[in-house]
Structures are given as C-alpha cells and as structure tokens.
Amino acid sequence: MARPERGALHCPECGFVNPEGANYCQKCGAFLGGESRPRHAAPGDTTIAYQLDESGELHAVDLEQVGTEGGTLVIRSGGGRSGEAFTLGGEQTRVGRSPEADVFLDDVTVSRNHALLVRRRDGVYIDDLGSLNGTYINRHRIESHKLADGDEVQIGKYKLTYLER
C-alpha cells in the first residue's frame, strides 16, 4: 500500500487521500475541515461580483441591487471566474456545460445538463438532473433542495453561493 504524501488530508466521510491544502474531498465533495474561509483570506475580505454584457465586457455588480425576487448565484471559485454573478429570473434556470445553459460552467466535471433551479410556491429549489459528479449543497450531495440565503452550491469544480435579497 502506497504511503500518503506528507500533509495529505484524509476525507472524514470516505477516507480518500486528498492533496495538502484541499478544502473539499476530490472523491465525494465532503468538507475536509479547517477554517471556513480560505487560508489567504483575511477577516473582512470581500469578493467583487461582475457580469458580462452582450459585448463581452465585464461590469462590476452591486449585489444589493441584484437578486431581487429569486436570488443570485455568484461563483466563488473554479474556472478562473470568481465573482461572476447570475441573476435567477423566470421560473427555471438551467445549469450545465451546454452552451445553451443559463449558467454555463465550461468544465468536464460539469454535466451538459447538470442541474435545474426551479421557482416553486415556497421558494427556489435546485434539482440535480442525474449528473455524473452530483450537486452538493453545503457539502452534502442532493437530488433536490430548497435554497436558502448563503447556501454553498458545488457543481463540478465550481463553488457558488446562493444569495437571496
């Protein structure tokens, strides 16, 4: 049996050996412990959110003005797109690797039609669409989940935060 590298982290859920510095298990997505914020973040640090306009230009977004009814998804990490925000409008919002998805996440860890956000009478739900790598809310794999303000959504290598205003 191979010896794990020095500093390797064992997943408390499945026992998988993850590289040093990992926050989530590469096998099951479980939180590996430690502080709730990245080691390089200082208290009071914030992320700037932005959206792409039709011409491809980036524009800063005031999250207090965005996310009226239905909320907003903000990418926290993954794919070099931290801070990108998606306003959830309408009854359904598709998430996936398909270019037709409302929230396009271009990475092989994301299924073409990965998840669907649906507005129901009592709130906004996220439903996994049978994706290979699963959809995680607050580090727990889900099939369907009612979103609450501040929920962490993990889809493939992307970590997003759901904001409700």
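List of remarks:
- Net charge of the neighbourhood of Ser98, taken over other residues with C-beta under 13 Å away and scored Lys/Arg +1, Asp/Glu -1, is -1.
- The lysines whose alpha-carbon is closer than 24 Å to the alpha-carbon of Lys146, local same-chain residues fewer than 8 away aside, are Lys157, Lys159.
- Solvent-accessible surface of the range 63-147, averaged per residue with a 1.4 angstrom probe and all protein chains in place: 52 square angstrom.
The values are calculated or read from the model by the stated rules, or taken from the named source; none is laboratory data. Small disclaimer: the values here were computed from a predicted structure and weren't measured. As a convention, Cβ positions derive from the backbone with ideal geometry for all residues, glycine included, and neighbour counts pool all protein chains shown. Surface accessibility is based on the protein's heavy atoms, side chains included, excluding ligands, DNA and RNA. Shrake-Rupley method; radii C 1.70, N 1.55, O 1.52, S 1.80 Å.
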